[in-house]
Amino acid sequence: MKRKWIGAAVLIMLCTGVLLGAAGCGGKDKPTLRIFNSGEYIEKSLLTKFEKKYDCKIVYETYDSNESMYTKLVSGSEYDILVPSDYMIERLIKEDYLQKIDWDKISNKDALIPALMDKEYEQGEKYSAYSVPYFWGSVGILYDTEVVDEEDLEQGWEILRNKKYAGNIYMYDSERDALMIALKSLGYSMNTENKEELDEAYEWLEKQRNTMDPVYVGDDVIDNMISGNKAMAVVYSGDGALIIADNDKLDFFEPKQGTNLWYDGIVITKYCEETELAHKFLNFLLEEDNALLNDEEIGYSSSVQSVFETMRDENYKGIDAYVPRTDYEKDEVFRYQKPDIKSYCADLWTKVKAQ
Amino acid sequence: MKQFKKLVVPYIIWSAVFVVFPLVLIFLYAVTTGGNSLVNIKFTWDSFQKMAEPIYVSVFLRSLKLGVITTIICLGLGYPLAYMISKCREQVQVILILFITIPMWINTLLRTYAWISILQDNGLLNSLLEWLGFGKLHFMYTDVAVVMGLVCDLLPFMIIPIHTVLTKMDHSLIEAAQDLGADKWQVFGKVIFKMSIPGVLNGVTMVFLLAISAFVIPKLLGGAQYFLIGNLIEDQFLNVGNWNFGSAISIILALAILLIINLMRKVDSDGAGGDEE
């Protein structure tokens, strides 16, 4: 009898705990937007401004790579708004995580650069059906003009294996970009599904690691290059512009073997119930003042035409990293990889780092 | 008394839900395949076999090596410090132990970022070296930086257990040894150190365990190419998305830790620590 009583007491305690917890989270009087963005990828004051303007609450979280964002999404976390890159948008579309953008609700859509709106990942399939263009750019090499010979730039990506600069290089710690460099350098497509080509790329990176002693970094590359710690770094064009603005000894170039042209978009997930508010948020980010404020903080090439021009002609005048190369036949956009190729690449990159 | 026994029930439920169940899940992931969904799982030892590949074994060995180095340095620095503290007046001891624990009030990540700004090529330390007329040195992304970060982070875990044992020591034994003609070094070696071995073993175990599973400090101070077992697990879960392999590594690491704790216990009961009980 007594045992039962205690058992019941425990059960009640546990249940009330759970209920209280649930009530605590669910007790909302304001509409809430859950935003999951890449780290340092928005001007934070815009969030509070939006909250005030539309009397809502924003729950803001960040991730450090498209892959970790995807893992979190797959493991059951729910968000309303994400900011993935091209290949990840394609993957999320194909795996049915997104809802279509209702462009009628976005009154500022005409401000966007038309070429970005028309970008296709497959014949007839536009990214803009499911995403609002946010920033775009390329990947290139940032170099110290006082240390690196102009002539050596001719080598393109191979300069990253030029022994003259051994111990003086930052590589970007990103599976796809690292393999992209090796594949482009070998003359292959960065979207190859041929395992022999990928193995060759692995050997390229392995040899680079053994002879050049590179340091693999993430966002810390920005501070390190501003302080001028090493002669070269693989960076996204926007980071390049941001760094050059702080350290004018540096310059940026896109290697001749071709590079990754990327496109980041804002998407609304299928879990989103506050679709009206979500669209308002997207529209809000495209307003000229907000987009300019945002871009002054981020430094990437803006998707808003007028902001892009202002930044190009004023803030970043003379910094060509802000204007990514377009219409070069060897440049490519990352495509969705089949799961087996994806895990094959992930293993290769893990092995390069684990050497 | 009998009724009080039943008060254990909530704790049993608690540990079942929050300790046993996750462990079972990890084990389940480790011996199956089929990705992150538990719908189409198949039993396999593949993940464990993968761990036997030379490249992953070398990651494991590298972690062990770093753990051993960190532990030795912590012991070398921590023991004398604990000893000196235990020699002070009691009020002073309280303050000194407080100083030892103050860094632990601050988040590890912040402390590591502080180390970055000290060790950077254009950081505080290098500015100082330059000012003194020495050349600049590279600290960041080297073994030195990683070991320094780990030692700084884990030193309290070595000092506190040793200090506790030293202060609780029976001083009449020391006096007896002195009365019987032991010199300073003999007293220390044969009495004090021997009696403090349980504390040393506790400290060593804690520091070693935390050091081999560290991943944030090595990543920040050593760069992403400083790849340890903790980084491998993090990578498998967060970036690669291969939870099966990640779980298998976690299990192997857990087993290795279990083995080491058992070894330590054995040393403890065989050695001087056994005399106390």
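Details
- The one condition in (1) surrounded by fewer than 20 Cβ atoms within 10 Å (Cβ to Cβ); (2) among the aliphatic types (A, V, I, L, M); (3) farther than 30 Å from A:Tyr172 by Cα; (4) at pLDDT 90 or above that B:Met169 fails to fulfil: (4)
- Criterion (within 14 Å of chain A (Cβ to nearest Cβ), in a helix (DSSP H, G or I) and surrounded by 14 or more Cβ atoms within 10 Å (Cβ to Cβ)) met by exactly one of B:Ser47, B:Ser58: B:Ser47
- Just one of (1) under 30 Å from A:Ser38 (Cα atoms); (2) out of contact with any helix residue (DSSP H, G or I) (no Cβ under 7 Å at 6 or more places or on another chain) fails for B:Gln225. It is (2).
- Options A:Val59, A:Val74: the member that is among the β-branched types (Val, Ile, Thr), at pLDDT 90 or above and more than 28 Å from A:Glu309 (Cβ to Cβ): A:Val59
- Residue count for region B:203-213, restricted to those that are of a type in the set (Gly, Ala, Ser) and crowded, with 24+ Cβ neighbours inside 10 Å: 2.
- Per this entry, A:Tyr70 is counted among residues that are within 14 Å of another protein chain (Cβ to nearest Cβ) and either in a loop (DSSP other than H, G, I, E, B) or buried (at least 20 other Cβ atoms within 10 Å of the Cβ) (or both).
- Region A:322-346 - residue that is under 21 Å from the mean Cα position of the chain (by Cα), part of a helix (DSSP H, G or I) and not hydrophobic (A, V, I, L, M, F, W, C) and, of those, farthest from the other protein chains (Cβ to nearest Cβ): A:Tyr322
- Set A:Lys280, A:Lys256, A:Lys230, A:Lys184: member being out of contact with any Lys or Arg (no Cβ under 7 Å at 6 or more places or on another chain) and within 14 Å of another protein chain (Cβ to nearest Cβ): A:Lys230
- Restricting attention to region A:222-237, the residues that are part of a helix (DSSP H, G or I), touching a residue at least 12 places away in the same chain (Cβ under 8 Å) and surrounded by fewer than 24 Cβ atoms within 10 Å (Cβ to Cβ) total 3.
So that you can scan it fast, the table gives a plain yes or no per residue for (1) under 15 Å from the mean Cα position of the chain (by Cα); (2) at pLDDT below 95; (3) more than 25 Å from B:Ile217 (Cβ to Cβ):
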site	(1), (2), (3)
A:Asp173	yes, yes, no
A:Leu179	no, no, yes
A:Lys184	no, no, yes
A:Leu198	no, no, yes
A:Tyr202	no, no, yes
A:Lys207	no, no, yes
A:Tyr216	no, yes, no
A:Ile243	no, yes, yes
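- B:Thr108 of a type in the set (Val, Ile, Thr) and within 13 Å of chain A (Cβ to nearest Cβ): no
- Of residues in region B:23-43 being exposed (fewer than 15 other Cβ atoms within 10 Å of the Cβ) and away from chain A (no Cβ under 14 Å), the one modelled with the lowest pLDDT: B:Lys42
- Comparison of A:Glu40, A:Glu51, A:Glu61 shows that the only residue that is on the phi > 0 side of the Ramachandran plot and either assigned to a strand (DSSP E or B) or out of contact with any Gly (no Cβ under 6 Å at 6 or more places or on another chain) (or both) is A:Glu40.
The values are calculated or read from the model by the stated rules, or taken from the named source; none is laboratory data. Computed from a predicted structure; not experimentally measured. All Cβ positions, glycine included, derive from the backbone under ideal geometry; neighbour counts span all protein chains shown.
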